[in-house]
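All remarks here apply to the structure that follows.
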Amino acid sequence: MMTAPASTLTVDLTQRFPGIVSADARPGYSGFIVEKDSLIEVATAIRDEFGFDLLTAVTGVDYFPDKMEVVYHAYKTTGGPGLVFRVQVPRVDPIEVPSLINVYPGADLQEREAWDLMGIKFTGHPDLRRILMWEGFEGHPLRKDWKEPFYEEDAKPFKSRWPDGRFTMAEDKNPFKDNLKFPQDFDPEKWTPDNDESLYQTLKRYTVKDEDGLETDRIVVNMGPQHPSTHGVFRAAIMLDGETIVGLKPVVGYLHRNHDKIGERNTFLQNMPYTDRLDYFNSMSNNLGYAIAVEKLMNIPVAERADYIRVIMAELSRIQNHLVFVGMLLNDLGAMYTPALYAFEERELILDIFEAVAGSRMMCNYLRFGGVVRDVPPYVLQKIKDLVFDRLPAKTDEFERLLSENEVLVSRLKGVKVLDAETAVRYSVTGPVLRAAGVPYDLRRADPYSVYDRFDFDVAVRPNGDMYDNYAIRIDEIRQSLRILQQAVKQIPDGPINSQKPQYQVRVPAGESYGRIESPKGELAFYVVSNGKPNPWRYHVRPASFVNITALEKMCIGTKIADFVALLGMLDIVMGELDR
Amino acid sequence: MDNEKLSLPQYDIPDDVQNAVAITTLDRLYNWGRRSSVWPLMFGLACCAIEMIAAQAARYDMARFGMEVMRPTPRQADLMLVSGTVTKKMVPSIVRLWNQMPEPKYCVAMGACASGGGPFKEGYNVVAGIDKLIPVDVYIPGCPPTPQALIAGLIKLQQKIDKQSLRKVHWYRKGPDVMEIPVPILGPDLIDPRRNAEIKSAAAALATKESA
Amino acid sequence: MYGKGILKGLSVTWKRFWSTYLEDISWVMSGKKRYFTEEGVKHRSSKHARGIFTVQYPEEQLITPEEFRYVPFLVYDEGVDGKKEVRCTSCGICAKVCPPQCIWIVRSNDPNTGRPIPEPTEFYIDMDICMNCGFCAEYCPFDAIIMDHDFDIASYSRNVYNMEKLLKPASYYRQIRPENYARNEAERKAKETAKAAKAAGAAAQAGT
Ligand code: SF4
Ligand code: SF4
Ligand code: SF4
């Protein structure tokens, strides 16, 4: 089912702000263009008067050579279509846009990302440092006139590959004989690296005098990027007062693989396997999000059988994600291995299914625009039925018996606050963490996509927002996913698996689209801008993990360092998606 | 171009690993002990790391090879499994970890990314293969290598260990430890201190080209 | 009662621990071999899997599904006297569709006419860039490039494959992917008969 593009019908900002806000009239675009100087005022009204309390995405778009644009996507946590508003500024440095961090604190890290990659200065942002690259890096890589060291051509396919494709290493073409690019006359010996000086400077603001006027010693502890419990190459610089966390800055980018830049060079189809590598636990969900975004833009239907297959795969991947979450959480808490090993067993059985239908355990690359790449063979469908009717329900019960009532675990988790509803919404947190705080916001219900509206299931919610609820909601969601799966495998219709002919070049009309799904970790969205060419003009991933860690500092301040690992685990981050 | 030349890594392979040497009984015992207790560093970078964890889990169970003891500290590890994309931001830490590992140590490049840059090679923040900085013993292609492929690669590593000889291995030789690798610096781009002169001259050449 | 939950959890691990042996006994009783047999591996990856879950690679191997993909290879048909008839026509579609652009093809030209002839002179795939996505195989119109099942390809050096290393016989293709092979063959046959019929039709037309 196609959802209408973020509708402007319900809200008319132009009437509320005549002369300041105008409707975006470009074909294929929607939403409003806001005057730069009134942005904060308009955003406050959008939040307070119109009720769009959740700012999901902040993205820069480089309309080379004339203007830079910042696009905001706001939604209501009660559901319904969203509101797109944007600011356009001339493309001459310094490019300045007011920061929305005081209206929507969730914009924090995303604005830093736009500064890092696009060079858009957000005035009023208290901590506008680079986030994915390091301080001192030359240039803003996502600008259209910035070329990477291995730059070959603006768009794939490259001409050097065929018909005269004599193999050459990319290194040999670069003056520095490697993936390197230095300014002219650069002398490496004279360079003084930043060495995280700016990071420690921002942490300094937490060094306050005690009540009795004594300056107490506070220490900075770095956890990561190589740390056994940070779920990858995540790093947190933590300011400690004794054992209590008084300040925290996430340091990310250690796995920044430049999805956005590479994605703008790829053709639309070529991006599909790259999305697998975002949240590498859930490549099926990533495929789905991207397919939905592009299908919206292309305005094509999805074959009905394919839609069911998509739902089945996405839900299977949610189950294995949550299983691994529970296993890893127990690892973080010190219950080494047993639950994780049990979880990985069931995960293997689910991966077997992915391997049989898609060819790969993790990097499925299974969806195509309009459908899926191949049908599910009957023996695999039988296997899925075996799992969702017999094995997985029993195993979920077993998991609960193993853990849910364990007194040690309960006393460790109950009452340790993660997030309350209001803070979670303000910091744009989505996914299970938000629902565990009592906000029943699940895109499968709030803004239904694919065929989710045909299934009978409940949005799992837990009221307290403590660690135990965050644990329990994952189990709840496994059960709900099983419910969906049981209906889906029963109802799945016969028919074609793609509404389009298999083709390696798709025509995508000009315009923008924002496709979002409820991935196991929260809202995963793809913002795609096309100018009618074979590759996207802008390809942006709005990952759940990245936006969710905006709230990490808020979550951790005041807690003990021993809880940090578990609190981080609660957010269920995955670095491939976080750093992209 | 023949395949051998295409695939040559860009560093010198030490003689002691390049081809088999005479193996004595003592060597055999020595190697048997080492090959059966290769402890990997608990260290994951990207997607490949998940397959590494899966290989540690119940279905593939690397304990069968004595490799289940993942050490979180490099001081106790014998094997660095570079499992994932090596980014410029991360590589100083990786080199530091490598330097902290005691000899004998081995490095396995797991997956396309660690071997040669992988699908993200063209990216601006990606190091095109860990062998640019650290000598790699075994390359495992695949994206990601399945756990079985990983185990197959580790068996290859064991075979390599089997061929080493006590008399030749460099870690018992006298003299300073020359294997320490200078840690790269994060400048306007990644600076490998070993290549300072080269970078300087190339940057200067850029300037003259521009003005010409 | 405090501790009830812990006991409950322990009962789960306890049961898990014994189930391996119970399963072993039941397999012995029924006279079947649980380890190092295909049947055993299959059972361990089915919904009935109980107790030990390990598939002891390399002695045992998981059942590889037909669609499994690792790295690509090029197919050749074995012609008369063992000549390798490379299926690839160097049309370049795989090189165009490859997302990380790791395929390099040199199209051959007829030395006399200078016109391209349908066979590549050189064909490279950089396996250290290839993301195993399967697009090349999916969109190749001649079934000339196929995703391999062989994953035991770790080596002591970088992996850039040339033609020589990429080529594998069609019989190998049939062996690893019987269903796909049969489907491809049927399509090819159908195409050929259609062509022949057309040619015959044209000849008949010319005759009248
Ligand atoms: S080789 Fe593939 S799976 Fe492994 S880290 Fe690189 S992109 Fe991920
Ligand atoms: S698509 Fe097939 S026929 Fe065309 S060049 Fe590639 S392998 Fe050869
Ligand atoms: S599998 Fe994908 S990445 Fe590898 S050669 Fe084929 S198209 Fe390229």
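Can you confirm whether C:C140 is near ligand 2 (Cβ under 9 Å from one of its atoms), touching a residue at least 12 places away in the same chain (Cβ under 8 Å), buried (at least 23 other Cβ atoms within 10 Å of the Cβ) and more than 11 Å from chain B (Cβ to nearest Cβ)?
Details: near ligand 2 (Cβ under 9 Å from one of its atoms): yes; touching a residue at least 12 places away in the same chain (Cβ under 8 Å): yes; buried (at least 23 other Cβ atoms within 10 Å of the Cβ): no; more than 11 Å from chain B (Cβ to nearest Cβ): yes.
It is false that C:C140 is near ligand 2 (Cβ under 9 Å from one of its atoms), touching a residue at least 12 places away in the same chain (Cβ under 8 Å), buried (at least 23 other Cβ atoms within 10 Å of the Cβ) and more than 11 Å from chain B (Cβ to nearest Cβ).
Take the conditions within 9 Å of chain A (Cβ to nearest Cβ), more than 7 Å from ligand 2 (Cβ to nearest atom), within 26 Å of B:G117 (Cβ to Cβ) and at pLDDT 90 or above and apply them to C:P99. Does it pass?
Details: within 9 Å of chain A (Cβ to nearest Cβ): yes; more than 7 Å from ligand 2 (Cβ to nearest atom): yes; within 26 Å of B:G117 (Cβ to Cβ): yes; at pLDDT 90 or above: yes.
Judged against the criteria, C:P99 is a match.
Among the residues of segment C:92-110, write down those that are more than 14 Å from ligand 3 (Cβ to nearest atom) and either hydrophobic (A, V, I, L, M, F, W, C) or out of contact with any Pro (no Cβ under 8 Å at 6 or more places or on another chain) (or both). Give the derivation first.
Within segment C:92-110, the subset more than 14 Å from ligand 3 (Cβ to nearest atom) is C:106-110.
C:V106, the sole residue that qualifies.
Would you confirm whether or not segment C:146-169 contains a residue that is modelled with pLDDT of 85 or more, in a helix (DSSP H, G or I) and more than 14 Å from chain B (Cβ to nearest Cβ)?
No, the conditions are met nowhere in segment C:146-169.
Return the residues of segment C:138-172 that are in contact with a helix residue (DSSP H, G or I) (Cβ under 6 Å, 6 or more places away or on another chain) and closer than 18 Å to C:C94 by Cα; say none if nothing qualifies.
C:Y139, C:C140, C:D143, C:I145, C:I146, C:M147, C:V160, C:N162, C:K165
Please go through segment A:265-291 and give me each residue that is outside any loop (DSSP other than H, G, I, E, B) and either within 10 Å of another protein chain (Cβ to nearest Cβ) or at pLDDT below 90 (or both), ordered by number. Before the answer, list the steps.
Filtering segment A:265-291 for residues outside any loop (DSSP other than H, G, I, E, B) gives A:265, A:271-276, A:283-291.
Hits for segment A:265-291 are A:R265, A:N271, A:M272, A:P273, A:Y274, A:D276, A:S283.
Among all residue pairs at least 6 apart or on different chains, which show Cβ distances below 9 Å where the first residue, located in segment A:364-392, is outside the structural domain of A:A291 (by TED's automatic domain parsing) and the second is modelled with pLDDT of 90 or more?
none
Every residue in segment A:66-89 that is within 18 Å of the chain's Cα centre (by Cα) and in a loop (DSSP other than H, G, I, E, B), please.
The answer is A:T77, A:G82.
What do you reckon, is B:C143 buried (at least 21 other Cβ atoms within 10 Å of the Cβ), among the hydrophobic types (A, V, I, L, M, F, W, C), assigned to a loop (DSSP other than H, G, I, E, B) and away from ligand 2 (no atom under 16 Å from the Cβ)?
On the way: buried (at least 21 other Cβ atoms within 10 Å of the Cβ): yes; among the hydrophobic types (A, V, I, L, M, F, W, C): yes; assigned to a loop (DSSP other than H, G, I, E, B): yes; away from ligand 2 (no atom under 16 Å from the Cβ): yes.
When the stated conditions are applied, B:C143 passes them.
Please give the strands (runs of 3 or more DSSP E) falling wholly within segment A:492-555 in which 3 or more residues are of a type in the set (D, E, K, R).
On the way: elements: A:511-519, A:522-530, A:538-542.
The qualifying strands (runs of 3 or more DSSP E) are A:511-519.
With respect to A:T216, is the statement that it is at pLDDT below 90 and more than 16 Å from ligand 1 (Cβ to nearest atom) true? Steps first, please.
On the way: at pLDDT below 90: yes; more than 16 Å from ligand 1 (Cβ to nearest atom): yes.
Against the criterion (at pLDDT below 90 and more than 16 Å from ligand 1 (Cβ to nearest atom)), A:T216 qualifies.
Going by what's in this entry, would C:V106 be described as surrounded by 14 or more Cβ atoms within 10 Å (Cβ to Cβ), within 16 Å of ligand 2 (Cβ to nearest atom) and touching a residue at least 60 places away in the same chain (Cβ under 8 Å)? Full working, then the answer.
On the way: surrounded by 14 or more Cβ atoms within 10 Å (Cβ to Cβ): yes; within 16 Å of ligand 2 (Cβ to nearest atom): yes; touching a residue at least 60 places away in the same chain (Cβ under 8 Å): no.
The answer is no for C:V106.
Being part of a helix (DSSP H, G or I) and of a type in the set (A, V, I, L, M) is the filter here; which residues of segment B:98-120 pass it?
Narrowing segment B:98-120 to residues part of a helix (DSSP H, G or I): B:98-100, B:111-116, B:118-120.
Matches in segment B:98-120: B:A112, B:A114.
Just to be sure before I move on: is C:E138 within 14 Å of ligand 3 (Cβ to nearest atom), farther than 23 Å from A:E171 by Cα and acidic (D, E) in the structure I sent?
Working: within 14 Å of ligand 3 (Cβ to nearest atom): yes; farther than 23 Å from A:E171 by Cα: yes; acidic (D, E): yes.
So C:E138 passes the test.
Starting from residues that are surrounded by 24 or more Cβ atoms within 10 Å (Cβ to Cβ) and of a type in the set (D, E), keep the ones in segment A:530-580 and report whichever is farthest from ligand 3 (Cβ to nearest atom).
Among those that are surrounded by 24 or more Cβ atoms within 10 Å (Cβ to Cβ) and of a type in the set (D, E), it is A:D572.
Which condition number does A:W115 fail, the rest of (1) touching a Leu at 6+ places or on another chain (Cβ under 6 Å); (2) within 21 Å of A:D53 (Cα to Cα); (3) not acidic (D, E) being met?
Here A:W115 meets the rest and fails (2).
What are the residues in segment A:382-428 that are among the aliphatic types (A, V, I, L, M), crowded, with 18+ Cβ neighbours inside 10 Å and assigned to a helix (DSSP H, G or I), if any? It would help to see each step written out before you state the result.
Residues of segment A:382-428 among the aliphatic types (A, V, I, L, M): A:384, A:387-388, A:392, A:394, A:402-403, A:408-410, A:413, A:416, A:418-419, A:421, A:424-425.
Narrowing the set further to residues that are crowded, with 18+ Cβ neighbours inside 10 Å leaves A:384, A:387-388, A:392, A:402-403, A:409, A:413, A:418-419, A:421, A:424-425.
Those that are among the aliphatic types (A, V, I, L, M), crowded, with 18+ Cβ neighbours inside 10 Å and assigned to a helix (DSSP H, G or I): A:I384, A:L387, A:V388, A:L392, A:L402, A:L403, A:L409, A:L413, A:A421, A:A424, A:V425.
What's the total number of residues in segment C:37-60 that are within 14 Å of chain A (Cβ to nearest Cβ) and touching a Gly at 6+ places or on another chain (Cβ under 8 Å)? Step through it out loud before you land on a result.
Pass one, segment C:37-60, residues within 14 Å of chain A (Cβ to nearest Cβ): C:41-55, C:57.
With the extra rule that they be touching a Gly at 6+ places or on another chain (Cβ under 8 Å), the set shrinks to none.
Residues that pass the stated criteria total 0.
Only residues that are in contact with a Pro (Cβ under 7 Å, 6 or more places away or on another chain), assigned to a helix (DSSP H, G or I) and within 12 Å of chain A (Cβ to nearest Cβ): list them for segment B:46-97, please.
If the condition is that a residue be in contact with a Pro (Cβ under 7 Å, 6 or more places away or on another chain), assigned to a helix (DSSP H, G or I) and within 12 Å of chain A (Cβ to nearest Cβ), then B:C47, B:C48, B:E51, B:A54, B:A55, B:V91, B:P92, B:S93, B:V95, B:L97 are the ones that fit.
Identify the residue in segment B:62-92 that is of a type in the set (G, A, S) and in contact (Cβ under 8 Å) with a residue 40 or more places away in the chain and, among all such residues, is farthest from ligand 1 (Cβ to nearest atom).
We begin by selecting, within segment B:62-92, every residue of a type in the set (G, A, S); these are B:63, B:66, B:77, B:83-84.
After this cut, where a residue has to be in contact (Cβ under 8 Å) with a residue 40 or more places away in the chain as well, the list is B:83-84.
Values: B:S83: 7, B:G84: 4 Å.
Going through the qualifying residues, I end up with B:S83.
Looking at segment B:110-135 only, could you name the residues that are polar (S, T, N, Q) and farther than 15 Å from A:I262 by Cα? Don't jump to the end; show me each part of the working.
Just the residues of segment B:110-135 that are polar (S, T, N, Q), to begin with: B:115, B:125.
Of everything in segment B:110-135, just one residue is polar (S, T, N, Q) and farther than 15 Å from A:I262 by Cα, namely B:S115.
Tally the residues that are among the charged types (D, E, K, R), touching a helix residue (DSSP H, G or I) at 6+ places or on another chain (Cβ under 6 Å) and within 16 Å of ligand 1 (Cβ to nearest atom), restricting the search to segment C:47-77. Steps first, answer last, please.
First, the residues of segment C:47-77 that are among the charged types (D, E, K, R): C:47, C:50, C:59-60, C:66-67, C:69, C:77.
Next, from what is left, pick out any that are touching a helix residue (DSSP H, G or I) at 6+ places or on another chain (Cβ under 6 Å): C:47, C:50, C:60, C:66, C:77.
Narrowing the set further to residues that are within 16 Å of ligand 1 (Cβ to nearest atom) leaves none.
Summing the residues that are among the charged types (D, E, K, R), touching a helix residue (DSSP H, G or I) at 6+ places or on another chain (Cβ under 6 Å) and within 16 Å of ligand 1 (Cβ to nearest atom) in segment C:47-77 gives 0.
Give segment C:117-137 a look and list any residue that's surrounded by 14 or more Cβ atoms within 10 Å (Cβ to Cβ), more than 14 Å from chain B (Cβ to nearest Cβ) and farther than 21 Å from A:Y274 by Cα, or say none.
Passing the criteria: C:I117, C:E119, C:P120.
(1) under 23 Å from the mean Cα position of the chain (by Cα); (2) in the same structural domain as C:H149 (by TED's automatic domain parsing): which one isn't true of C:E39, the others all being true?
(2)
Go through segment B:183-212 residue by residue and tally those that are more than 8 Å from every other protein chain (Cβ to nearest Cβ), at pLDDT below 85 and in a loop (DSSP other than H, G, I, E, B).
Result for segment B:183-212: 1.
The values are calculated or read from the model by the stated rules, or taken from the named source; none is laboratory data. None of these values were measured; they are calculated from a predicted model. Using ideal geometry, Cβ is built from the backbone for each residue, glycine included, and neighbour counts are taken over all protein chains shown.
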